[in-house]
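Supplied in structure tokens, the structure appears directly below.
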Amino acid sequence: MSSHTESHGAHSPNEAPHATHEDAHYIKIWAILVALLVVSVTGPMLEIRVVTLLTAFGIAVVKAFLVAKHFMHLDTEKKFVVQLLVVCLGLVFLFFMATSPDIMKHFGMNWVNESAKNANIPEKIVHHGGVEGAAEHAEGAAEHAEGAAAPAEGAPAHPAGEAH
Amino acid sequence: MAESHAHDAHAHDHHEEGWFKKYFWSTDHKMIAKQYLLTGMLLGAVGAYFAYVFRMQLAFPNKPVPGYGLVTGADYNALITNHGAVMIFWVAMPVLIAAFGNFLIPLMIGCDDMVFPRLNRLSYQIFLVSAIVLGASFLVEGGAFGGAWTAYPPLSAKAEYNLTPLGPSLWLIAVALEFVAFLLGGINFVTTAMNSRAPGMKAFDIPMAVWMIVIASILFMASVGPLIAGAFMLLFDQLLGTGFFDPDRGGDPVLWQHLFWFFGHPEVYVVLLPALGFVAEIITTFSRKKLFAYKTVLYTTIGTGVLSFFVWAHHQFIAGIDPRMANVFTVTTVLISIPIAEMCFVYIATLYGGSIRFAVPMLWALAFIAEFLVGGVTGIYLGASGADIYFHDTYFVVAHFHYTFFPIAIIGTFSGVTYWYPKMFGRHMNELWNKVHFWITIVGFNGIFIPLFMLGASGDHRRIFDYSNFPELATPELQQLRVFATVSLLVMLAIQPVFLINFFYSMFKGKKAEANPWNANTLEWQCPSPPPHGNFAVLPEVYRGPYEFSAPDRADDFWPQNSPT
Amino acid sequence: MVKPIATLRSATGVPTGRLAVWWVIASEIVIFGGLLGAYLLHRLGHPEWATYASHTNTWAGAFNTLVLLSSSLSAVLAHNAAEKGNGARAANLLLVTCVGALTFLVVKGFEWTHEIQEGFTITANGFWSFYYCAAGLHGLHVIAGAIIMLFVAADARKNQELQRVELIGIYWHFVDLVWIFLFPLLYIAK
């Protein structure tokens, strides 16, 4: 156990063995990344909502995966490092999910965010047309319906209902 | 072999040091720990002074407070805000995590320093700057921030509302700097504990205090991010006029509450865990028993850490959050009392059948368990979303979190300081005066906050500075309770100089301490008191766990971790 | 200064410097995650933001993505050179990465100037507030990374502290990763 020293160079006896690649490998990964970038820019030009979301965010995830695996060498890193990063992403996801019922809606139990709500309506009418706009109208309507239901739902849940 | 070689070179390097280099520019973890400890104690005195001023105003309204003068409404708000912020961010954090983390981690895991000594120094310096910025916020036009330590917008976002144009921004910058300091410190602690343990020290040989400080640092690093982002957003709202938290412009003030409490609740456990770690060290040493169920405590701690990320919205039950979420958060909040209760039981089980010695650190440790239990139990009332509607923002809440934070930040600190004082300074404190200080502090503390529970249950709202406009709260019965609490505070504050004099006097004139005055097992007691630069003459190897007390076939009732036989 | 023995130990098998960088990145994930999460919450709650977002310059964003991807390549090539003990090559490649950072910032500068002239300032509305806040925070990371990289390159040229080439590289890839997500969030989704 006396070999706890480590040379100051890049190589050290305790370091997890890193797969050493040739430069060509990294250039190949870079080329794939650039190709993906081209897809993610051209995809939205079709102006189909599903395609836009898929090319924009699906490809971002793929690109992120490639960078993390090949450039950051997470594939040969100790497992706990990957787990650590995944846990942190999970916390962000937790924050997002638990906060979304409050922030994405413009209604709460005891409040209505009138100005945020009003800001939605004229903008949608003025700026949106075609398929996309219609889809958003439907969404907006659903949201409104939900919003209208929320206070009613909330009322019985007030003190007495919740107390036990 | 190579190790001891490098070590010699290291020790030689630091023989000739100027005063400035030794006390202010040092990279030695023990000196940085002392810097944090003394800065924390100084700011603790500031926070206590704030409490003194606003408690005097509450008990004897609109009479000049000796040592301050007449308290205006704006003064009162600034005082309560900064009392809370100072006590949590500039007292509990630097003392419990930074001071003890710096002092204990390298010593307890048997190495010569932190892994990044210069980063460590930088961390303290940023912390010091943050304290200075906070102090500066009292001197600017309009005065210090008065929007409570939670800084909820819109009150904190617009000068039209809070009437302090500069205070909130300086306050926010100070808090953000403080976070940066502890992020740097936390990375250092975690990396040190993970990588630099003495040969032979496996996961279950690590003393509980180190585990707890490390888990607390991880909790801090994992939870503070959204609030740092939120601090940027709030700062832009204040200085540039953006509308992140302004409902009139499409923003959402509830978002700030989520960002704040996503950090704010794990923060409670960030400061709680180190104190629980000190208690574990102390009760094993002074009852001469193995820690009951070491692994259970460890897994429970990790479980607490995980659960602490799922409870934050219980601070927002009446903020208009989605009632379905309130149900979920009620359940998780009540659940988290289980691991904490379990830890208290484990500590009590450790005491069972031990040969207990009521030394001063032990008194503090036992008081910690007793007082924290009260804080924990009253938390269950507040965790239930239905009951919380009535208790929210009353003095019941104030009393509840002081019954958790006082044991953590004050009792925990005193237990740690009195236990490790011989190691830090190589001398003993006066035991008699420490006991006097202990009893008066504990009685005084309960005298302050038991009346506040009663006030809160009577509906006393916590943010009122002058009750003359609230006839139903200005009754003589309630006022008597307020006076009782304030008088108890005065008694408690009056005894603190005894501790301070003892602390500084013993540093130079106390009885000399040997290396292992309490006959403890952990590695910090196996090097000289105070430890020299580089800590150990020969870096230790570890052969067993930290709590091997009263082993049957040994002459000594303790068994140091580094003793081969 | 002489490193303490603590720095040279490696009980986990991950060298201390790299372990610390992973912790830095873990805490950065929650910082950016909090900000982008907040943005996404608002974005989904405000369908009208799509119209504001349509004024961002997709081509500038795409070009900057290319720049960052390429600078990531030079950073990983620098790491490869350092692994082989070739400090001078590592230093040169790090300088190439710094040029990438500079290009990125210059493009951002032109882009922001243009947008501010058009009236899309940080106070224009919620979308633009988040746009400047998120891109600005990312830009600060670019600046910080480039400055650190200059120091690392200077050491590497003397064949000193070559392990730091990898560390700054990992950080740089993280900065790249954040941009990979910022690009669709701020530029493409319209």
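The values are calculated or read from the model by the stated rules, or taken from the named source; none is laboratory data. A quick note: this is a predicted structure, and the numbers were derived from the prediction, not measured. For neighbour counting, all protein chains shown are included, and Cβ atoms are generated from backbone atoms with ideal geometry for every residue, glycine included.
Mind checking which residues of region B:136-151 are in a loop (DSSP other than H, G, I, E, B) and surrounded by fewer than 19 Cβ atoms within 10 Å (Cβ to Cβ)?
Once the filter is applied, which keeps residues that are in a loop (DSSP other than H, G, I, E, B) and surrounded by fewer than 19 Cβ atoms within 10 Å (Cβ to Cβ), region B:136-151 yields B:Phe138, B:Leu139, B:Val140, B:Glu141, B:Gly142, B:Ala148, B:Thr150.
Cβ-Cβ below 6 Å, separation at least six or inter-chain, first residue in region B:29-53 and farther than 26 Å from B:Ser488 by Cα, second charged (D, E, K, R): which pairs?
B:His29/B:Asp113
Related question: In region B:461-499, which residue that is of a type in the set (Phe, Trp, Tyr) and touching a residue at least 12 places away in the same chain (Cβ under 8 Å) is nearest to B:Phe438 (Cα to Cα)?
Ranking the candidates gives B:Phe499 first.
What pairs can you find where one residue is in region A:40-59 and within 19 Å of C:Trp59 (Cα to Cα), the other is part of a loop (DSSP other than H, G, I, E, B) and at pLDDT below 85, and their Cβ atoms are less than 6 Å apart, with a gap of 6+ or different chains?
Once the first residue is within 19 Å of C:Trp59 (Cα to Cα) and sits in region A:40-59, its partners that are part of a loop (DSSP other than H, G, I, E, B) and at pLDDT below 85 give A:Ala56/C:Ala189.
Can you confirm whether C:Gly136 is under 27 Å from B:Phe263 (Cβ atoms), at the interface with another protein chain (Cβ under 10 Å from one of its Cβ atoms) and surrounded by fewer than 19 Cβ atoms within 10 Å (Cβ to Cβ)? Lay out the reasoning, then the answer.
Details: under 27 Å from B:Phe263 (Cβ atoms): yes; at the interface with another protein chain (Cβ under 10 Å from one of its Cβ atoms): yes; surrounded by fewer than 19 Cβ atoms within 10 Å (Cβ to Cβ): yes.
For C:Gly136, the condition - under 27 Å from B:Phe263 (Cβ atoms), at the interface with another protein chain (Cβ under 10 Å from one of its Cβ atoms) and surrounded by fewer than 19 Cβ atoms within 10 Å (Cβ to Cβ) - is met.
Would you pick out the residues in region B:201-213 that are away from every other protein chain (no Cβ under 11 Å) and part of a helix (DSSP H, G or I)?
Once the filter is applied, which keeps residues that are away from every other protein chain (no Cβ under 11 Å) and part of a helix (DSSP H, G or I), region B:201-213 yields B:Phe204, B:Asp205, B:Met208, B:Ala209, B:Val210, B:Trp211, B:Met212, B:Ile213.
Tally up the residues in region B:437-469 that are in contact with a strand residue (DSSP E or B) (Cβ under 8 Å, 6 or more places away or on another chain) and not in a helix (DSSP H, G or I), please.
Of the residues in that region, 4 qualify.
Of the residues that sit in region A:73-107 and are surrounded by 16 or more Cβ atoms within 10 Å (Cβ to Cβ) and aromatic (Phe, Trp, Tyr), which one is farthest from the other protein chains (Cβ to nearest Cβ)?
So the residue we want is A:Phe107.
Give just the number: which of (1) outside any helix (DSSP H, G or I); (2) more than 14 Å from chain C (Cβ to nearest Cβ) does B:Leu276 not satisfy?
(1)
Any idea which residue in region C:1-12 is farthest from the other protein chains (Cβ to nearest Cβ), counting only those that are under 17 Å from B:Asn188 (Cα atoms) and part of a loop (DSSP other than H, G, I, E, B)?
Going through the qualifying residues, I end up with C:Lys3.
Something else: Just to check your reading of the model, which residue among C:Ala78, C:Ala53 is within 22 Å of C:Leu150 (Cα to Cα) and of a type in the set (A, V, I, L, M, F, W, C)? Show your work before the answer.
Numbers: C:Ala53 fails: within 22 Å of C:Leu150 (Cα to Cα).
Just one listed residue meets the conditions, C:Ala78.
Mind listing just one residue for me: the one in region C:111-133 that is among the hydroxyl-bearing types (Ser, Thr, Tyr) and within 8 Å of chain B (Cβ to nearest Cβ) and, of those, nearest to the chain's Cα centre (by Cα)?
Among those that are among the hydroxyl-bearing types (Ser, Thr, Tyr) and within 8 Å of chain B (Cβ to nearest Cβ), it is C:Ser129.
When only residues in region B:343-375 that are among the hydroxyl-bearing types (Ser, Thr, Tyr) and more than 22 Å from the chain's Cα centre (by Cα) count, which is farthest from B:His428 (Cα to Cα)?
Among those residues, the one meeting the criterion is B:Tyr352.
Give the residue, chosen from B:Ala198, B:Ala229, B:Ala222, B:Ala181, that is away from chain C (no Cβ under 11 Å), crowded, with 21+ Cβ neighbours inside 10 Å and touching a Leu at 6+ places or on another chain (Cβ under 9 Å).
The conditions single out B:Ala181.
Counting only residues that are part of a helix (DSSP H, G or I), aromatic (Phe, Trp, Tyr) and more than 14 Å from chain A (Cβ to nearest Cβ), how many does region B:283-330 have?
3
Being modelled with pLDDT of 90 or more and among the β-branched types (Val, Ile, Thr) narrows it down to one of A:Val87, A:Val41, so name that one.
Working: A:Val41 fails: modelled with pLDDT of 90 or more.
Criteria check complete, one pass: A:Val87.
Please give the helices (runs of 4 or more DSSP H) falling wholly within region B:351-412 in which 3 or more residues are out of contact with any strand residue (DSSP E or B) (no Cβ under 9 Å at 6 or more places or on another chain), more than 22 Å from B:Ile80 (Cβ to Cβ) and among the hydrophobic types (A, V, I, L, M, F, W, C). Talk me through it step by step, then tell me what you get.
On the way: elements: B:360-383, B:385-391, B:395-405.
Hits in region B:351-412: B:360-383.
Let me ask something else about it. Limited to region A:57-72, what total is found for residues that are farther than 16 Å from A:Val86 by Cβ, facing chain C (nearest Cβ under 7 Å) and surrounded by 19 or more Cβ atoms within 10 Å (Cβ to Cβ)?
Matching residues across region A:57-72 total 3.
Find the residue count for region B:488-517, including only residues that are closer than 29 Å to B:Ala537 by Cα and either of a type in the set (Val, Ile, Thr) or part of a loop (DSSP other than H, G, I, E, B) (or both).
Counting residues in region B:488-517 that are closer than 29 Å to B:Ala537 by Cα and either of a type in the set (Val, Ile, Thr) or part of a loop (DSSP other than H, G, I, E, B) (or both) gives 7.
Which condition from (1) of a type outside the set (S, T, N, Q); (2) under 22 Å from B:Ala203 (Cα atoms); (3) more than 29 Å from the chain's Cα centre (by Cα) is the one that B:Tyr547 breaks?
(3)
Pick from region C:16-49 the residues that are assigned to a loop (DSSP other than H, G, I, E, B) and more than 8 Å from chain B (Cβ to nearest Cβ): which of them is nearest to B:Ile218 (Cα to Cα)?
Looking at the filtered set, the residue picked out is C:Pro47.
Given the residues C:Ala101, C:Ala88, which is the only one that is in contact (Cβ under 8 Å) with a residue 24 or more places away in the chain, farther than 23 Å from C:Leu140 by Cβ and hydrophobic (A, V, I, L, M, F, W, C)?
Matching residue, one of C:Ala101, C:Ala88: C:Ala88.
Next question, about the same structure. I need every pair where a residue in region B:160-181 that is farther than 17 Å from B:Phe260 by Cβ has its Cβ under 8 Å from the Cβ of a residue that is surrounded by fewer than 21 Cβ atoms within 10 Å (Cβ to Cβ) and among the acidic types (Asp, Glu), sequence separation at least 6 or different chains.
Close Cβ pairs satisfying both conditions: B:Pro165/B:Glu141; B:Leu166/B:Glu141.
Considering only residues of region B:482-502 that are buried (at least 20 other Cβ atoms within 10 Å of the Cβ) and of a type in the set (A, V, I, L, M, F, W, C), which is nearest to B:Asn562 (Cα to Cα)?
B:Phe499
Report, by residue number, each residue of region B:92-133 that is at negative phi, within 11 Å of chain C (Cβ to nearest Cβ) and in contact with a Leu (Cβ under 6 Å, 6 or more places away or on another chain).
B:Leu119
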